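Structure first, then comments.
The values are calculated or read from the model by the stated rules, or taken from the named source; none is laboratory data. Quantities reported herein were computed from a predicted structural model and do not represent experimental measurements. Glycine gets a Cβ as well: all are built from the backbone with ideal geometry, and neighbour counts include every protein chain shown. Heads up: the accessible areas ignore ligands, DNA and RNA and are worked out on the full protein's heavy atoms, side chains in. Shrake-Rupley method; radii C 1.70, N 1.55, O 1.52, S 1.80 Å.
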Amino acid sequence: MTSVSVVIPAYNAASTIGDTLNALMRQAQPPAELQTIVVDNGSSDGTPDIVRRFAGVSLLREDKRGPSAARNRGLRHATGDVIAHLDADTLPTRAWLRSIVAPFDDPQVMLAAGRTLIFHPATAVERYIAGAGLYETERAISRLPFPFVPSLNMAVRRSAALAVDGWAEELMTAEDVDFSHRILKTYPSDIAFAPDAVLFHRVRSTEPELIELARTYGQGVARMYRRYDDEVRWDAMKTTKVRGRLALRAIITTALRVGQVVRLATSRQVEFSHCHFVWSRNFAQGFFDEYYGAPGRAVAAK
């Protein structure tokens, strides 16, 4: 079996990193050559102390903030032929590691993606994230113009990661989109999807957190458009389509609220529609603020 290094960036993850490492320690049929690395990204809580309790886990520190810098620190320390990435707030199932590594038996495979499920969605926002498929791997790996593997459930051949100089440390978001794009440009091939490489992800639970996440993701997409403007361009027609879509989603949400009053719509339908509009509006706002450099310039719908 291929030798594997698992790299986990962690920042103030004291409430979750123990569960993540416990799940990793219980993997079924792990590779004989397995290295587990946690890169502490300057935590101010008890994250390092918790990691030190796990025998066989290497704890590194990276003071330059950002997941890319942390993953690059892990990449430089890794010895495995394949690097498996997951986040410090995830729970891998017992078959996760062997399943996400299995595609690399094919020497043409450079990048693989597992299946991500939402951990116990209980709040309106958690239910929306689960229902909208925001972390649905099948969508991410086929999303144009930039198909990508979400970094919270990814495996990459170490030689390929080194060949593209690792992760772009100037990017604080969409770094996995950029990393995947450079891998796929350098090694033209399909992303391998490993549906049995299942992990659970703890997601944002409140509306303010959803707003922040949406704006951050929108900013990341805008940076990709600007970073690769020789490959893909944004234009006025796309902006018009976004405005129209936002207006329609606002109308639908209002109509569903009215429908709820007369019992033609359920509270869950209203809840989902509201969250979808909040997500869409703030994603667009983040995109246009970053792309045009002028907050509020391109999004009129409120």
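Given contacts defined as C-alpha pairs under 8 Å and at least six residues apart, what's the relative contact order of segment 98-213, whole-number percent?
Working: 173 pairs, mean separation 50.4, N = 116.
Once divided by the residue count of segment 98-213, the mean separation gives 43 percent.
Quick one: 3J(HN,Hα) in Hz for segment 119-128, Karplus 6.51/-1.76/1.60 with θ = phi - 60°, rounded, Gly and Pro as x.
Using θ = phi - 60°, the values come out as 7, 6, x, 10, 8, 4, 5, 5, 5, 5 Hz.
How much space per residue, in cubic angstrom, does the convex hull of the C-alpha atoms of segment 117-275 take up?
Details: hull volume 22.0 nm³, N = 159.
With only Cα atoms used, segment 117-275 gives 138 Å³ per residue.
Which whole number of Å³ per residue matches the convex hull of the alpha-carbon atoms in segment 60-113? Numbers along the way, then the final one.
Numbers: hull volume 5.7 nm³, N = 54.
Spelled out: Cα convex hull of segment 60-113, divided by residues, is 106 Å³.
Counting pairs of alpha carbon atoms under 8 Å apart in space and at least six apart in sequence, what relative contact order in percent does segment 1-45 give?
Details: 48 pairs, mean separation 29.8, N = 45.
Relative contact order of segment 1-45: 66 percent.
Just how large is the dipole of the chain about the Cα centre, in debye to the nearest 20, putting +1 at every Lys and Arg Cβ and -1 at every Asp and Glu Cβ?
Values: 37 positive and 33 negative charges, 196 e Å.
That gives a dipole near 940 debye.
Output the antiparallel fraction of DSSP beta bridges having both residues in the chain, as a percent to the nearest 5. It would help to have the intermediate numbers written out before the result.
Numbers: 11 of 34 bridges.
Roughly 30 percent of the DSSP beta bridges within the chain come out antiparallel.
Taking each pair of distinct Cα atoms in segment 199-244 once, what is the resulting Kirkwood hydrodynamic radius in Å? Can you show the working numbers first?
Details: mean 1/r = 0.0781 Å⁻¹.
That comes to 12.8 Å for segment 199-244.
Taking the C-alpha atoms of segment 192-286, how large are the radius of gyration and the largest Cα-Cα span, Dmax, in Å?
16.9, 52
Show that you can apply the helix-only estimate: for the chain, add -39,500 (n - 2.57) for every DSSP H stretch of four or more residues, divide by all residues, and state [θ] at 222 nm to the nearest 500. Don't skip to the end; give the middle numbers.
On the way: 11 runs with 136 residues, N = 302.
Result for the chain, helices only: -14000 deg cm²/dmol.
Can you list the HN-Hα couplings for segment 166-173, worked out from phi with the Karplus curve (6.51, -1.76, 1.60; θ = phi - 60°), rounded to whole Hz and with x for Gly and Pro?
x, 8, 7, 6, 7, 9, 9, 8
Within 10 Å, count the other beta carbons around each residue, average over each peptide in 269-282, 201-214, 53-66, and list them highest first.
On the way: 269-282: 19.5, 201-214: 17.2, 53-66: 14.3.
Highest-to-lowest ranking by the protection proxy: 269-282, 201-214, 53-66.
With the cut-off at 1.5 for a/c, could you classify segment 37-127 from its C-alpha gyration tensor as rounded, prolate or oblate?
Working: a/c = 1.74, a/b = 1.07, b/c = 1.64.
Oblate, since a/c reaches 1.5 and b/c is not below a/b.
Taking K and R as +1 and D and E as -1, what net charge do the other residues with C-beta under 14 Å from the C-beta of residue 220 add up to? Don't skip to the end; give the middle numbers.
Details: positive: 143, 215, 223, 226, 227; negative: 170, 175, 176, 178, 212, 289, 290.
Net charge in that neighbourhood comes out at -2.
Can you give me the distance in nm between label points at residue 240 and residue 228, each placed 7 Å from the Cα along the Cα-to-Cβ direction?
2.6
Net charge near residue 27, counting Lys/Arg +1 and Asp/Glu -1 over other residues with Cβ under 12 Å of its Cβ? Walk me through the numbers on the way to the answer.
Values: positive: 26, 94, 98; negative: none.
After counting each charged neighbour, the total is +3.
Starting from the Cα of residue 2, move 7 Å in the Cα-to-Cβ direction to define the label point; list residues of segment 71-95 whose amide nitrogen is under 12 Å from there.
80-85
Quick one: which residues, 5+ away or cross-chain, put their amide H under 5 Å from the amide H of residue 115? H built at 1.01 Å from N.
Residues meeting the amide H criterion: 197, 198, 199.
Please compute the Kirkwood hydrodynamic radius of segment 116-192 from all pairs of different C-alpha atoms, in Å with one decimal.
Working: mean 1/r = 0.0731 Å⁻¹.
Evaluated on segment 116-192, it is 13.7 Å.
At residue 61 and residue 207, where each label point lies 7 Å from the Cα along Cα→Cβ, what is the point-to-point distance in nanometres?
Placing both labels 7 Å along Cα→Cβ, they lie 4.1 nm apart.
What is the gain in length, in nm to one decimal, between residue 263 and residue 186 on full extension, counting 0.36 nm per residue of separation less the C-alpha to C-alpha distance?
Numbers: separation 77, 0.36 × 77 = 27.72 nm, distance 5.51 nm.
Between residue 263 and residue 186, full extension yields an extra 22.2 nm.
Roughly how large, in nm² to one decimal, is the mean projection of the convex hull of the alpha-carbon atoms in segment 151-217?
Values: hull surface 23.0 nm².
Over every viewing direction, the Cα hull of segment 151-217 projects on average to 5.8 nm².
Based on the Cβ-Cβ distance of residue 28 and residue 251, what FRET efficiency does E = 1/(1 + (r/R0)^6) give at R0 = 35 Å, to the nearest 0.05? Provide the component values of the computation, followed by the final result.
Details: r = 50 Å, r/R0 = 1.42.
The formula returns an efficiency of 0.10 here.
When the solvent-accessible surface of protein heavy atoms is calculated with a 1.4 angstrom probe, in what order do 143, 263 fall, highest first?
Details: 143 95, 263 215 Å².
Ranked from most to least accessible, the order is 263, 143.
For segment 77-205, with equal point scatterers placed on the C-alpha atoms only and solvent neglected, what are the log10 I(q)/I(0) values from the Debye formula at q = 0.09, 0.11, 0.14, 0.15 1/Å, to two decimals?
Cα-only, vacuum Debye calculation for segment 77-205: -0.24, -0.37, -0.59, -0.68.
Dipole magnitude of segment 195-287 about its Cα centre, charges +1 at Lys/Arg Cβ and -1 at Asp/Glu Cβ only, in debye to the nearest 20? Before the final figure, lay out each step's value.
Working: 16 positive and 9 negative charges, 66 e Å.
Dipole magnitude for segment 195-287 comes out near 320 debye.
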